[in-house]
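Beneath this line is the structure, given in structure tokens, with notes to follow.
Each value in this text was obtained by applying a stated rule to the coordinates, not by laboratory testing. What you see is a predicted model, and the numbers here were worked out from it, not measured in a lab. Quick reminder, even Gly has a Cβ in these numbers, built from the backbone with ideal geometry, and neighbours come from all protein chains shown.
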Amino acid sequence: PVDDSIQIIKTIASGLGFAHKLGFTHGDIKPANILFDSNNICRLSGFGMTNTETKPALSQSGQSPGQSFGWQDYMKADPATDRTQDTQSDMYSLGVTLYQMLTGQLLSPDRTHSNITQYEIQQAIKQLNAPTSCVDELSLLIFKMLDSNTSNRFQSCMALIDALEHFHPECQLSTSSQ
């Protein structure tokens, strides 16, 4: 359901925001790195690929510091021209993860992420059978996380959490067909 997905993203964003404040970039956010404990509390794993502001990590494939790593489907828009990992690449990956949680599919697997449009996101979100106002609000939120212009994205995890906490209550609905 939408409300569960939003709660998971808020929880992950909270932990990620803490890591960002300490100077860490995750670099490999994807559903496989979101784990649940015995109390069904989600945790972000996969920090083995983490960069710090002062000491970039090598990826498991042995790539040099500053090069991209992580799973290609969740990497920020246009990695061919911008291959660094930063807090905005984490925001992008979190947006792809939310999109996949809601729609059950990855973003446009047949083309690059840099040219995804808000309309395409709206069309996928409409599959949730949500009221139009909810589709619009949710697709705008996801589009803001995925915008290829990083200055248009949420500038911090706290800004994302604030937007999610103000997400319209009527939009908290199930993805099941009626």
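Report the local net charge at Leu164: Lys and Arg +1, Asp and Glu -1, summed over other residues whose C-beta lies under 12 Å from its C-beta.
-2
Highest average first, the peptides 159-165, 37-43 ordered by how many other beta carbon atoms sit within 10 Å of their residues are 159-165, 37-43. From most to least packed by mean Cβ count within 10 Å, the peptides 130-141, 5-16, 86-97 give 86-97, 5-16, 130-141.
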